[in-house]
Amino acid sequence: MAVTVISTGGTIASTDSSDGGGAAPELTAATLVGAVPGLEETVDIETHDFSNVPSPHFTIEQMYELVELIRELDDDPDVDGLVVTQGTDILEESAYFVDLCYDGSTPVAFTGAMRNPSLASPDGPANLLASVQTVRSEEAADAGVVVVFNDRVHAARDVTKTNSMNVDTFRSPEFGPLAVRDEDRVTWRRSTEGEEPTFDPDTDRLTNDVFAVTATADMPEAAVSSAADGAALCLAATGAGHIPPTIIPALESLRDRAVPIVATTRCPEGRLARDTYGFRGSEATLRELDCYYSERNLQKTRIKTIVALAADRLPDAFDSP
């Protein structure tokens, strides 16, 4: 059973620079695979160097190019599993982008590291091994794109980075992981619930011009009005869908300019309310603003908005309560 490891850079591929300027991505996919004891002796591994950049440098265009590569490898009958290594800062966004655009049969797992190979106890080799074992498991074919970290297997749609430096950073709030790795076994305990549509975005319409704003106490109107010339605004409301009155005029202006507004909650768990409150700035106001409702966190909501706009399918991507 052949597994292809696709390297994009990030901490897992970083090493200390010779000038003492800190770690930067330099290692190839073959080097990453070679650092996992015995891996190539038990599994047929192919490697592909897609890029070698820090995670925050990864662009929307590169995310779609990664989708195209994964689709190409899915068509290869000799490839039975795909593992993408990436920096952790935006890994959840890349994984979700691929999940939204890829409907092939070859299992795909994203992984990375919090400790680069220059540090004591780097976690990259263990995460890579667990990812290879995951895509080789029978249940992975029906799991969608997953993120494998610290011996846990998460759905790309649910997972988020919760700690800036700890190796146990990736978690799935509220619903938990899909599976765990024990020794050489992957034990699956739940499946992804609720099918999400797959999108085929027009590459000419893909844009990063989608704003993302988190609602905070007494925030200034300018925090929202800057999106007036953008393609859309994604807004993480407080609680169950509440916003300070200071930004309502700016949001009304966006609505009048036909700039789509996609709302979610800034809370790590839960969803937006539909009709519990009625004060100005409540979910009733979100409905008056013709907001779409998202069930994902703000960063994933932005990714889904970008993909759906490029596919001209925004109403298919989100609810309109």
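Results for (1) aliphatic (A, V, I, L, M); (2) open to solvent by less than 10 Å² (accessible area, probe 1.4 Å), shown as yes or no for each residue.
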{"position": "Asp123", "(1), (2)": "no, no"}
{"position": "Leu129", "(1), (2)": "yes, no"}
{"position": "Glu139", "(1), (2)": "no, no"}
{"position": "Val146", "(1), (2)": "yes, yes"}
{"position": "Ala156", "(1), (2)": "yes, yes"}
{"position": "Asn163", "(1), (2)": "no, no"}
{"position": "Val167", "(1), (2)": "yes, no"}
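Among the listed residues Ala223, Ala228, Ala237, which satisfies the condition of being in a strand (DSSP E or B), among the aliphatic types (A, V, I, L, M) and touching a Ser or Thr at 6+ places or on another chain (Cβ under 9 Å)?
That would be Ala237, the only listed residue that is in a strand (DSSP E or B), among the aliphatic types (A, V, I, L, M) and touching a Ser or Thr at 6+ places or on another chain (Cβ under 9 Å).
Are any residues in the stretch 192-206 of a type in the set (S, T, N, Q) and part of a loop (DSSP other than H, G, I, E, B), and if so, which ones? Once the filter is applied, which keeps residues that are of a type in the set (S, T, N, Q) and part of a loop (DSSP other than H, G, I, E, B), the stretch 192-206 yields Thr192, Thr198.
In the stretch 277-286, which residues are surrounded by fewer than 18 Cβ atoms within 10 Å (Cβ to Cβ) and in contact with a strand residue (DSSP E or B) (Cβ under 9 Å, 6 or more places away or on another chain)? Scanning the stretch 277-286 gives Tyr277, Phe279.
Given the options Glu65, Glu61, name the one that is open to solvent by 20 Å² or more (accessible area, probe 1.4 Å) and farther than 24 Å from Ala140 by Cβ.
Working: Glu65 fails: farther than 24 Å from Ala140 by Cβ.
From the options Glu65, Glu61, the qualifying one is Glu61.
Out of all the residues in the stretch 39-61, which are closer than 20 Å to Pro25 by Cβ, in a helix (DSSP H, G or I) and not β-branched (Val, Ile, Thr)? The answer is Ser55, Pro56, His57, Glu61. The residues listed here are Ser105, Ser94; of these, the one that is over 22 Å from Val186 (Cα atoms) and hydroxyl-bearing (Ser, Thr, Tyr) is Ser94.
Taking the stretch 62-92 as the range and being out of contact with any helix residue (DSSP H, G or I) (no Cβ under 8 Å at 6 or more places or on another chain) and either part of a helix (DSSP H, G or I) or within 20 Å of Asn208 (Cβ to Cβ) (or both) as the test, the residues that pass are Gln62, Glu65, Glu68, Leu69, Arg71, Glu72, Leu73, Asp74. Screening the stretch 169-191 for residues that are under 17 Å from Ala126 (Cβ atoms) and in a loop (DSSP other than H, G, I, E, B) and picking the one that is most open to solvent (accessible area, probe 1.4 Å) gives Glu183. Of all residue pairs spaced 6 or more apart or on separate chains, those with beta-carbon atoms under 6 Å, a first member in the stretch 299-321 that is more than 27 Å from Asp275 (Cβ to Cβ) and a second member that is open to solvent by less than 40 Å² (accessible area, probe 1.4 Å) and among the hydroxyl-bearing types (Ser, Thr, Tyr) are Ile303/Tyr96. Listed by first and then second residue, the pairs with beta-carbon distance under 7 Å, at least 6 apart or on different chains, first residue in the stretch 215-239 and over 22 Å from Leu272 (Cβ atoms), second open to solvent by 10 Å² or more (accessible area, probe 1.4 Å) and in a strand (DSSP E or B), are Ser226/Phe211.
Which of the following residues is under 27 Å from Ser164 (Cβ atoms) and open to solvent by 60 Å² or more (accessible area, probe 1.4 Å): Pro25, Pro37, Pro56? Residue meeting the stated conditions: Pro56. Do the conditions hold for Ala109, that is, is it within 27 Å of Thr192 (Cβ to Cβ) and of a type in the set (A, V, I, L, M)? Yes: the conditions hold for Ala109. Checked against (1) part of a helix (DSSP H, G or I); (2) of a type in the set (Gly, Ala, Ser); (3) open to solvent by 50 Å² or more (accessible area, probe 1.4 Å), Ala95 meets all criteria but (3).
Step by step: first the residues of the stretch 215-247, then only those that are charged (D, E, K, R) and on the phi < 0 side of the Ramachandran plot, then the one that is surrounded by the fewest Cβ atoms within 10 Å (Cβ to Cβ). Which residue is that? In this case the residue turns out to be Asp229. Screening Ala212 on (1) surrounded by 15 or more Cβ atoms within 10 Å (Cβ to Cβ); (2) touching a helix residue (DSSP H, G or I) at 6+ places or on another chain (Cβ under 8 Å); (3) at positive phi shows it passes everything except condition (3). Kindly indicate whether any position in the stretch 41-51 is surrounded by 21 or more Cβ atoms within 10 Å (Cβ to Cβ) and of a type in the set (Gly, Ala, Ser). Checked the stretch 41-51: no residue is surrounded by 21 or more Cβ atoms within 10 Å (Cβ to Cβ) and of a type in the set (Gly, Ala, Ser).
Of the listed requirements (1) free of Cβ contacts under 8 Å to residues at least 60 places away in the same chain; (2) open to solvent by less than 50 Å² (accessible area, probe 1.4 Å); (3) on the phi < 0 side of the Ramachandran plot; (4) touching a helix residue (DSSP H, G or I) at 6+ places or on another chain (Cβ under 8 Å), Thr265 misses just one: (4).
The values are calculated or read from the model by the stated rules, or taken from the named source; none is laboratory data. Since this is a predicted model, take the numbers as computed values, not measurements. Note that each Cβ is placed from the backbone with ideal geometry, even for glycine, and that neighbours are counted across all protein chains shown. For the accessible areas, the whole protein counts, side chains as well, though only heavy atoms, and no ligand, DNA or RNA atoms are used. Shrake-Rupley method; radii C 1.70, N 1.55, O 1.52, S 1.80 Å.
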